[in-house]
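Scroll down for the structure; my scribbles are underneath it.
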Amino acid sequence: MQKAILGKKLGMTQVFAEDGTVIPVTVIMAGPVTVTQLKTVENDGYKAVQVGYVDVAEKKLNKPEKGHLDKAGVAYKKVLREFRFDDGVEYNIGDEIKADIFAAGDKIDVTGISKGKGYAGVIKRHNFSRLKETHGTGPVHRHPGSMGACSTPSRVMKNTKLPGHMGVEKVTVQNLDVVRVDAEKNLILVKGAVPGPKGGLLTIVNTVKSK
């Protein structure tokens with residue numbers, strides 16, 4: 001069965017396996033999320049479940065958002081997302097999805113927004129190598145070098161690796177192992193690191209059945 005939820009990254013820690021091995025884990029507060037809309041093939045052209053995450057004050061919503069949630073009869077939510085589940089998964093408006101839908105051993109894909117790193121040069125951004133600082137290199141030892149364009153085509157080609165804004169982009173880390181689930185606190189411990197800063201919004205989807 002396909003499962004999905006929204007969550008927040010709380011940080012990293014470590015846990016011990018039964019054999020004493022240290023496992024670095026990311027702690028994620030997963031849900032609870034509330035089903036706010038059911039999309040159908042007849043009305044919308046596809047089947048999906050829309051969920052809301054994080055309660056928010058009414059004054060922070062615009063009229064379309066408020067009307068949409070009032071129609072569903074659920075509490076006001078800050079974040080709305082859609083998931084396309086398999087045909088066998090059925091939800092009703094108002095249902096809550098919690099962390100206990102996952103279990104230790106599940107494989108999940110986690111999507112988040114990476115940390116912003118500001119304006120970066122080609123060495124940090126694209127792993128370019130620096131030039132030597134002697135034998136006439138001059139003050140260009142961290143420069144990208146030639147762009148390969150002369151009077152024709154008289155421009156820099158698209159996708160050329162150059163300095164620029166680094167980070168703040170959608171990143172998905174696939175096939176992460178769920179190490180532990182705390183259903184009471186809605187916590188999921190995932191082996192390894194996931195994208196984004198502390199407190200960042202995460203989308204968690206499992207694509208492989210539990211072992």
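All of the numbers you see were taken from the coordinates with simple rules; none came from a lab. Not measured: the values here are computed from a predicted model. When we count neighbours, we look across all protein chains shown, and the Cβ atoms used for this are built from the backbone with ideal geometry, even at glycine.
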*Going highest first, how would you order 174-182, 25-33 by mean Cβ packing within 10 Å?*
25-33, 174-182
_Per residue, how big is the convex hull of the chain when only Cα atoms are used? Give it in Å³._
222
*Full-extension gain in nm, Lys71 to Glu96, via 0.36 nm per residue minus C-alpha separation*: 7.3 nm
*Taking R0 as 22 Å, what's the FRET efficiency between Val41 and Thr207 from their Cβ-Cβ distance, rounded to 0.05?*
0.45
*Residue-span extension gain [Thr137 to Val171] - 0.36 nm each, minus C-alpha spacing*: 8.5 nm
_Förster radius 35 Å - calculated FRET efficiency between Ile123 and Arg84 (Cβ-Cβ, nearest 0.05)_ = 0.30
_Top positive-direction residue, dipole computed over the chain with Cβ charges, set Val140, Gly11, Leu176_ = Val140
_Per-residue [θ]222 nm for the chain (sum of -39500 (n - 2.57) over DSSP H runs n ≥ 4, rounded to 500)_ = -2000 deg cm²/dmol
*Helix 63-72 sits at what angle to the longest principal axis of the chain, using alpha carbons and giving 0 to 90 degrees rounded to 10?*
40
*Could you work out the mean projected area of the convex hull around the alpha carbons of region 1-118, in square nanometres to one decimal?*
10.5
*So how do 8-20, 100-112 stack up, highest first, on mean other-Cβ count within 10 Å?*
100-112, 8-20
*Quick one: length gained pulling Arg180 to Ser151 fully straight, 0.36 nm per residue minus the C-alpha distance?*
4.4 nm
